[in-house]
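As structure tokens, the structure follows; a few thoughts come after it.
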Amino acid sequence: MPRVYINTECPLHGSDYCARLNMESCDACTVRRRNSEEMELLKQDLDAIAKLIPEEGISELFQTDTCMLCRGTEKGKRTWYAQTDIGNAEPRRRHIGFLGIKREARTGSILPIQIACCDACRRRYLTLQYIAPITTAICMALGLILMSIRPIREPLMAITPALPAIVFVVFTLCGLMGGRLWRKALCARYGKKTYLNIFQIDALQRMRRLGWFELYEDRNVSRVVFSKRKLRQGLYTGACGHGAAAEPNAAVETTEE
Ligand SMILES: [Zn+2]
């Protein structure tokens, strides 16, 4: 379905700025009801971010039917979109931008990223996310259950009254350690099949060279959420490169899917 932007009064209407923002509609647009001064600042922001985007844009990450997270030549079929945000220290300014970008010392820009992903890669990511806390929880529960069984607890208490509590703590620690080790082993195994860090993907390696970094990385594994649907709107979530559109009207109707 082509997107039609009806507000022809908007100073960004039909411009490449509009294409880059890729808003769902004029009503939902972040630019709505901005005065001219604010509009200038917004354009400055967008221009600054455009300098941080590779020439070819980043749409190759999601405008594809094959998984971008699969390693090797055999790629899975795209069934999900792995989504996250990445940050850049540029542009370095203090105030809060109109795109909801918080100007902190570390982050000048935040960009939503979506990556075509197959079932297998998603499963690996989710397993790595949950394996450690689940292992810990199971060991804790096991310790608790064992220590609540009288024929086990009472002989221990006869040795020293605090022993059941100590055994429980040992179970918990074993769970923590076991979870970590298991996760590490899985990381090594999964890492051969899946890019566990999104910046290992070619397109994002180019982004890294332009100063982008991960906001929510967890021990070498990118933290992503999975969605069946593409992001509806947001900076560079549509099909556009970083700079000026080849023809101004290309921005008015951008096609989805
Ligand atoms: Zn995959």
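Bear in mind these aren't lab numbers, they're just calculated from the coordinates by the rules spelled out. Every value quoted in this text rests on a predicted model; they were computed, and no experiment measured them. Every residue, glycine as well, gets a Cβ built from its backbone with ideal geometry; the counts of neighbours run over all protein chains shown.
Hey, can you list the DSSP H helices of the chain whose Cα span along the axis is 18 Å or longer and whose average Kyte-Doolittle score is at least -0.5? Span-like helices in the chain: 36-50, 119-148, 163-190.
In this structure, the pairs whose alpha-carbon distance is over 27 Å, taken from K51/K193; K193/K230; K51/K230, are K51/K193. Note on the chain: with charges restricted to the Cβ of Lys and Arg (+1) and Asp and Glu (-1), its dipole about the Cα centre is near 1360 debye. Residues D65, D47, D85, D16, ranked from the fewest to the most other C-beta atoms within 10 Å, line up as D65, D47, D85, D16. The gain in end-to-end length when the Q200 to A188 segment is fully stretched comes to 2.8 nm, 0.36 nm per residue minus the alpha carbon separation.
Legend: ranking of residues M140, M177 from fewest to most surrounding C-beta atoms inside 10 Å; resulting order M177, M140.
For the chain, the residue among L215, Y125, F199 whose Cα projects farthest onto the positive side of the dipole built from Cβ charges is Y125.
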